[in-house]
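The values are calculated or read from the model by the stated rules, or taken from the named source; none is laboratory data. Note that the coordinates shown come from a computational prediction; the quantities given were computed from them, not determined experimentally. Counting neighbours? That spans all protein chains shown, and the Cβs are built from the backbone with ideal geometry, glycine included. To get the accessible areas, we keep the full protein, side chains included, count just its heavy atoms, and leave off ligands, DNA and RNA. Shrake-Rupley method; radii C 1.70, N 1.55, O 1.52, S 1.80 Å.
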Amino acid sequence: AVAHAFADVLFKGLLFMSMGAVLYMTGRSKGSDLGGLYKSMPITATLCIIGAASISAFPLFSAFVTKSMIMSAALDEGHTWLWLPLLFASAGVLEHAGIKIPYFAFFAHDSGKRCKEAPLNMLVAMALASVLCMGIGMFPGALYGILPYAVDYVPYTVSHVLIQLQLLVFAVLAVFVLMRSGLYPPEIRAVNLDFDWTYRRLLPALGAGIQSGWLYVVAAARSGIAPPLYGVFRGIRHVHQSGGIWARTWSTGGTALWMLILLLIYLLIYLV
């Protein structure tokens, strides 16, 4: 896991840097707005392909070593239920990042955009990440030497290379067949919902709904429908208001005493 995390930073960083260079030179980052940039940015396209091959676990690239270490460890420990999802995820990563990012940005249809190659500093950063991605894949012993534990994993066996190549080839073939048959999702302008939608739209909406429900209950209590319930609400509210038990400043000694009491209660529950 440590080795793959290190490699993950490299090949994802390489893909992010390549697309950042595209955004910097064209002002666009959506795949539907790009295409044909290999004519204007051939070096960036090549480095992006190296990052895509690395994240897809092609032989001689970093994830072929690091990702396989995790999958092999799962099999050795008898976790077949975990190994199968990892195997399918490997094919999914190839389609999602290994094909879509370089294909739609630099190939696919020609968007007609013509720009200069990325600045030298960007190319140097991407080239360094590319060298490390290929270095880990070609010389895994150098990576094993800096890990905090001993590793004797041998990634380049005939069976492993053949299985991985079969997986990659059939994943590429599946994407090609879907594109040729028209079943692949069309390239349209759209907005993809990311996880930030949950706290930018969903959580505020839920908060507004909870607040509305709370105000309705308080209004019903004030109207005399449930005076006892209203008294409970007032008591809870007073606890958090200025002067309430949770709003006032507690002394250091009182805080330490309550911590000791809670610790003793926890120890009693744990021992019982």
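What do you reckon, how do 110, 33 stack up by accessible area (1.4 Å probe), largest on top?
Descending order: 110, 33.
By its C-alpha gyration tensor, with a ≥ b ≥ c as the square roots of the eigenvalues, how is segment 54-142 shaped: rounded for a/c under 1.5, else prolate for a/b larger than b/c, else oblate?
oblate
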So, R0 is 22 Å and r is the distance between the beta-carbons of residue 210 and residue 258; what FRET efficiency does that work out to, to 0.05? 0.15
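By how many nm would the segment from residue 87 to residue 60 lengthen if fully extended, with 0.36 nm per residue of separation less the alpha-carbon distance? The partial results should precede the final answer.
Values: separation 27, 0.36 × 27 = 9.72 nm, distance 1.87 nm.
Gain on extension, residue 87 to residue 60, equals 7.9 nm.
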For the residue 29, residue 149 Cβ pair and Förster radius 35 Å, calculated FRET efficiency rounded to 0.05 is 0.35
Residue 170/residue 266 FRET efficiency (R0 45 Å; Cβ-Cβ; nearest 0.05): 0.25
Largest-first semi-axes in Å of the equivalent ellipsoid built from the Cα gyration tensor of segment 62-104 are 24, 11, 4
Starting with the highest mean, order 53-59, 40-46, 122-128, 194-200 by the number of other Cβ atoms within 10 Å, averaged over the residues of each peptide. 53-59, 40-46, 122-128, 194-200
Please give the length that would be gained between residue 9 and residue 183 if that part of the chain were fully extended, namely 0.36 nm times their separation in residues minus their C-alpha to C-alpha distance (nm, one decimal). 59.3 nm
